[in-house]
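Asker: Take a look at the following structure, please.
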Amino acid sequence: MKLRLTVLSSIVGTVAVFGALGISSVLGQSAPPDSGSQQGAVQNGGNGDPYRGYASGYPAPEVQALPIAYARAVSTRAQQDVMLAELHSTVDRIREDFNYSPEMIAATREQNSAFDAYDEARRKVLEKLSGDPTYRAMISLVVTLKHKLEDERPGPKPSEEDLERVLATATLKLSYASSASAMEVASLSADADVMQTHARLMEAAAKVNTMRADFERQIHRNPDFLAARRNLDDARIARLTAEAFLDGAIDARSTAMDYAYYLHRFDQYSYTPSAIGYAPYPYAYGYGNGYSHSGG
């Protein structure tokens, strides 16, 4: 809740700060003046501020808004990163609590115990089967053919005869291995202890899988997860708002600088002294020099 209030206050603060700056700037620059008021402002030194804040030639409100906009954008990005990390930490804590809950510990212990019992029963059956001469002969042939394949591996450019020989050996090895595997399956299926422990293992594994599936569905309804997700959403909104203010402040600064330059584009002529009797360059007369007539 504290994190959520912090993010909401960040949004409100962003809107308040930039709203105040924008309102003051708009109120101070409601409309561009006409050429007559421009000339009067330059001649009287800006009394009455007919340039709506630009008589000094420097758009201070728009320029001063940028550091605040940059700082707010950086702050909101960092807050979003913090909220994302907090969401991941919340999920990890919820998952850890589930994995170490008494119910899950008991189900996992039962699954491990069932697996150990099945593995022991299976080992006993296969150990007994290894004494069968037919089974032992098949396993020996499989091993021999495996070594033969490794020794007769063809080179980079094998001939057709080499490929046919390798294929025949591999096919024979696969047939012996399939026969040995079939004998193992038959022996295991005929043993009551193996079948009983296998059924116990399947039941324990199904229980664990069901508990995990239920947890994955329920985690999205966990109050802590929902709170962390809301905080992340609020932080994302605050970041988007701050970045929008930053983009607007940059555009407003550029427009204000261009407008201030436009208003004062002829100021260099208005302050040039008349060395040869020419009058100062008046804004109202456009281009060209005006002459001061001292006589008739």
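Nothing in this text is a laboratory measurement; each read-out follows from the coordinates by a stated rule. If you're wondering where the values come from, they're calculated on a predicted model, not measured in any experiment. Cβ: placed from backbone, ideal geometry, glycine included. Neighbour counts: every protein chain shown.
Asker: Report yes if some residue within segment 223-245 is under 30 Å from Ala65 (Cα atoms), out of contact with any helix residue (DSSP H, G or I) (no Cβ under 9 Å at 6 or more places or on another chain) and in a helix (DSSP H, G or I); otherwise report no.
Answerer: Within segment 223-245 (the criterion being under 30 Å from Ala65 (Cα atoms), out of contact with any helix residue (DSSP H, G or I) (no Cβ under 9 Å at 6 or more places or on another chain) and in a helix (DSSP H, G or I)), the answer is yes, since at least one residue qualifies.
Asker: Shifting gears a bit: For segment 131-146, what are the residues that are surrounded by 11 or more Cβ atoms within 10 Å (Cβ to Cβ) and free of Cβ contacts under 8 Å to residues at least 12 places away in the same chain?
Answerer: Correct list: Arg136, Ala137, Ser140, Val143, Thr144.
Asker: On the given criteria, is Ala235 of a type in the set (A, V, I, L, M, F, W, C) and loosely packed, with under 14 Cβ neighbours inside 10 Å?
Answerer: No: the conditions fail for Ala235.
Asker: It is to be established whether one or more residues within segment 104-118 are of a type outside the set (Val, Ile, Thr) and farther than 30 Å from Ala192 by Cβ.
Answerer: yes
Asker: Tell me, please, whether a residue that is in contact (Cβ under 8 Å) with a residue 12 or more places away in the chain, more than 30 Å from Leu226 (Cα to Cα), assigned to a helix (DSSP H, G or I) and hydroxyl-bearing (Ser, Thr, Tyr) can be found in segment 52-75.
Answerer: Yes; the residues of segment 52-75 include at least one that is in contact (Cβ under 8 Å) with a residue 12 or more places away in the chain, more than 30 Å from Leu226 (Cα to Cα), assigned to a helix (DSSP H, G or I) and hydroxyl-bearing (Ser, Thr, Tyr).
Asker: Let me confirm something: among Glu203, Glu184, Glu161, Glu110, which residue is exposed (fewer than 11 other Cβ atoms within 10 Å of the Cβ) and in a helix (DSSP H, G or I)?
Answerer: Matching residue, one of Glu203, Glu184, Glu161, Glu110: Glu161.
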